[in-house]
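First comes the structure, then the notes that go with it.
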Amino acid sequence: MTLLELKGVSLSFSGSNVLQDVDFSVPAGAVVSLIGPNGAGKTSLFNCITGFYKPQHGSIRVDGTETLKLKPHQVTRLGIARTFQNVRLFREMSVTENVMSGMHCRTSSGIVDAILRLPSQRREEAEIRAFAEDCLTFVGLTEGWEREATTLPYGWQRRVEIARALATQPKLLLLDEPAAGLTSGEKEELLGLIARIRDERGISVLLIEHDTGLVMRVSERVSVLDHGVMIAEGTAKEIQANPKVIEAYLGVEDGEEALG
Amino acid sequence: MTVFDIFTNQLLNGIVLGSFYALVALGYTMVFGVVKLLNFAHGELYMVGGFAGFLVLSFLSPFIGAGWFGVAISMVLAMIAVGFLGVVIERVAYAPMLSAPRLSILITALAVSLVLQNGMLALTKGQYVPFGSALGFGGINLGKLFISYNQMILVGVAALLMLSLEMFVSRTQYGRAMRAVAVDKDMSRLMGINVNAIIAVTFFVGSALAAAAGTMAGAFYGSLWYFMGFLIGLKAFTAAVIGGIGSIPGAMLGGLILGLLESFATQLDLRGMGIPFKVGSEWKDVFSFSVLILILVLKPTGLLGKPEQERM
């Protein structure tokens, strides 16, 4: 079953083409990687999927629902969540509060309930807190929940960001360079976490990553974007052997080594 | 009266005055926190709130009386009405300007202020309007200090409103969403937060608090005037800056500090020090705005505000 499907997506900013006729899909229950040189349009593609950029042509469907006419917060409600290359946690909020903010779209208490703090609202608040703590435990954070999130060490902040994304209860989680700036030990843990997100939570993962070693180990399918064009799609092995990909990356001579 | 009597008396006056400032300052600071707009029309919402409370009370007083119960009902209805007015103003006047340069939206806010002020001027012909409340004159004596029940109720209601706001902001999903939107709007959208709805909630709550202060002021002081929002708007702005604009506890603290400062400063008598000058109550605005200037020069982030972090 296809969870995310892009067909003929083209995006341009003041005349320069960022994405050209991109076809792309993520099946349910899969880990898919998107690679490509800097400036290939990977992050722009993420922004199209989350509804921040509106492509001029094409269609993007999440679970069969067309999202091009939707606002970003509505796309989130359909089950898309993402993290950022540079961690973006809410300042002046505790770790738990950051994660709880991710559940805004999954709560039913109305504004009047909240102002009057009705019993139903308090019960829901307790449920939200419990779920947020569950997400934090899931990503391996079992302490420091009351600390201001932006004061945590970098590697922990990344985990909080993933926990916050999980709190939106997505069907598809987009990770933008989740391994950037992590130590090799932390990268190993990240690999395990990505696998558990898929296996235990049933959430598909789409990641942008430069660490090709990590990409090859974790993903079932790899897609390659270069200058806004999807130039290859296949299993990790097929991609490694694809001459077009090697050329796009570093030129023919060095490419093999880089992707090794 | 001894110095101690003067002190306790001015303390009481300062707390009463400070409660008004704090309630109005909260709306200023909340709106600034979420949309980075200095809503100079906010003081007018206090004025409109006073008149809204007056209208409700004149309709309902035959049934519920014009005592504190009647005033409380009028206050709640005025809060709801002015809350919606705040949302309408945001949608009509500010929302289309949010991506425009900061100065444009500031000028829009001044225009909204003029529209509300002059609208009320036209309706009331510039006359003072008696509020029509019939509050008792009872109270308790603590030594030479007389505290009226009205003062107690007023400060109590203000404290209750502020406590509820604090609970709302810190312990509900909407409050958290409000703080999230204040920090990072795009990230909030990714959390599934409807940013426009949260901005509307912010305007609603801020305007409703101003209306509460307006109704209570009308009931407490006994009359309303189309220009009554102007000065308190500036004072509330000062209070918000003292506390650190954008900070909710800061606005409460700033309001209280400003109220106390005004009531104490006006008692300064320099004649005892050989200077032939006694500061009278006509000097209180000079004190307030001198403090505003001092804070802006010495600690622009205010007492509880945090320096704005620029994203790299």
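Structure above, values below:
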| item | result |
| --- | --- |
| Matching residues in segment A:200-225 - criterion: being in a helix (DSSP H, G or I), in contact with a Ser or Thr (Cβ under 9 Å, 6 or more places away or on another chain) and within 19 Å of A:LEU4 (Cβ to Cβ) | A:VAL215, A:VAL218 |
| A:ARG164 vs. criteria at pLDDT 95 or above, over 30 Å from A:GLU247 (Cα atoms) and touching a helix residue (DSSP H, G or I) at 6+ places or on another chain (Cβ under 8 Å) | yes |
| Out of A:ARG158, A:ARG147, sole residue that is out of contact with any strand residue (DSSP E or B) (no Cβ under 7 Å at 6 or more places or on another chain) and either closer than 30 Å to A:PRO37 by Cβ or of a type in the set (Lys, Arg) (or both) | A:ARG158 |
| Residue check, A:SER44 farther than 15 Å from A:GLY228 by Cα, in contact with a strand residue (DSSP E or B) (Cβ under 6 Å, 6 or more places away or on another chain), in the same structural domain as A:LEU207 (by TED's automatic domain parsing) and among the hydroxyl-bearing types (Ser, Thr, Tyr) | no |
| Filter pass, B:VAL181 being closer than 30 Å to B:ILE6 by Cα, part of a helix (DSSP H, G or I), within 23 Å of the chain's Cα centre (by Cα) and touching a residue at least 24 places away in the same chain (Cβ under 8 Å) | no |
| Condition met for B:ALA239 (crowded, with 24+ Cβ neighbours inside 10 Å, within 14 Å of another protein chain (Cβ to nearest Cβ), modelled with pLDDT of 90 or more and on the phi < 0 side of the Ramachandran plot) | no |
| Selection within segment A:161-199 - touching a residue at least 60 places away in the same chain (Cβ under 8 Å) and in a helix (DSSP H, G or I) | A:GLU161, A:ILE162, A:ALA163, A:ARG164, A:ALA165, A:LEU166, A:ALA167, A:ILE194, A:ALA195, A:ARG198 |
| Failed criterion for A:LEU174 (all others in (1) at pLDDT 95 or above; (2) within 17 Å of A:ALA236 (Cβ to Cβ); (3) not hydroxyl-bearing (Ser, Thr, Tyr) hold) | (2) |
| Residue that is modelled with the highest pLDDT, among those in segment A:102-149 that are within 13 Å of chain B (Cβ to nearest Cβ) and in contact with a Phe, Trp or Tyr (Cβ under 8 Å, 6 or more places away or on another chain) | A:ALA149 |
| Pairs where the first residue, in segment A:128-151, is β-branched (Val, Ile, Thr) and the second is surrounded by 14 or more Cβ atoms within 10 Å (Cβ to Cβ), C-beta under 6 Å, 6+ apart | A:ILE128/A:MET100; A:ILE128/A:MET103; A:VAL139/A:ARG159; A:VAL139/A:ILE162; A:VAL139/A:ALA163; A:THR150/A:LEU89; A:THR150/A:ARG91 |
| Number of positions in segment B:155-188 that are buried (at least 23 other Cβ atoms within 10 Å of the Cβ) and basic (Lys, Arg) | 1 |
| Looking only at segment A:26-66, and only at residues there that are assigned to a loop (DSSP other than H, G, I, E, B) and polar (S, T, N, Q), the one that is nearest to the other protein chains (Cβ to nearest Cβ) | A:THR50 |
| Members of segment A:79-101 found to be within 14 Å of the chain's Cα centre (by Cα) and either within 8 Å of another protein chain (Cβ to nearest Cβ) or at negative phi (or both), listed by number | A:ILE80, A:ALA81, A:ARG82, A:THR83, A:PHE84, A:GLN85, A:ASN86, A:VAL87, A:ARG88 |
| Where B:ILE293 falls short, out of the listed (1) among the hydrophobic types (A, V, I, L, M, F, W, C); (2) surrounded by 17 or more Cβ atoms within 10 Å (Cβ to Cβ); (3) assigned to a helix (DSSP H, G or I) | (2) |
| Selection count, segment A:57-84, where residues are touching a helix residue (DSSP H, G or I) at 6+ places or on another chain (Cβ under 8 Å) and touching a residue at least 60 places away in the same chain (Cβ under 8 Å) | 8 |
| Extreme residue, nearest to B:GLY14 (Cα to Cα), among residues of segment B:296-305 that are among the hydrophobic types (A, V, I, L, M, F, W, C) and under 19 Å from the mean Cα position of the chain (by Cα) | B:LEU303 |
| Which numbered condition B:GLY218 misses (of (1) surrounded by fewer than 20 Cβ atoms within 10 Å (Cβ to Cβ); (2) under 16 Å from the mean Cα position of the chain (by Cα); (3) more than 13 Å from chain A (Cβ to nearest Cβ)) | (1) |
| Whichever residue in segment A:67-78 is of a type in the set (Val, Ile, Thr) and part of a helix (DSSP H, G or I) and, among such residues, is nearest to the other protein chains (Cβ to nearest Cβ) | A:THR76 |
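Quick grid of which residues meet (1) modelled with pLDDT of 95 or more; (2) more than 18 Å from B:LEU224 (Cα to Cα); (3) of a type outside the set (A, V, I, L, M):
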position	(1), (2), (3)
B:VAL24	yes, no, no
B:THR29	no, yes, yes
B:GLY43	yes, no, yes
B:PHE63	no, yes, yes
B:SER74	yes, no, yes
B:VAL87	yes, yes, no
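The values are calculated or read from the model by the stated rules, or taken from the named source; none is laboratory data. Since the model is a prediction, treat every value here as computed from it, not as a measurement. When we count neighbours, we look across all protein chains shown, and the Cβ atoms used for this are built from the backbone with ideal geometry, even at glycine.
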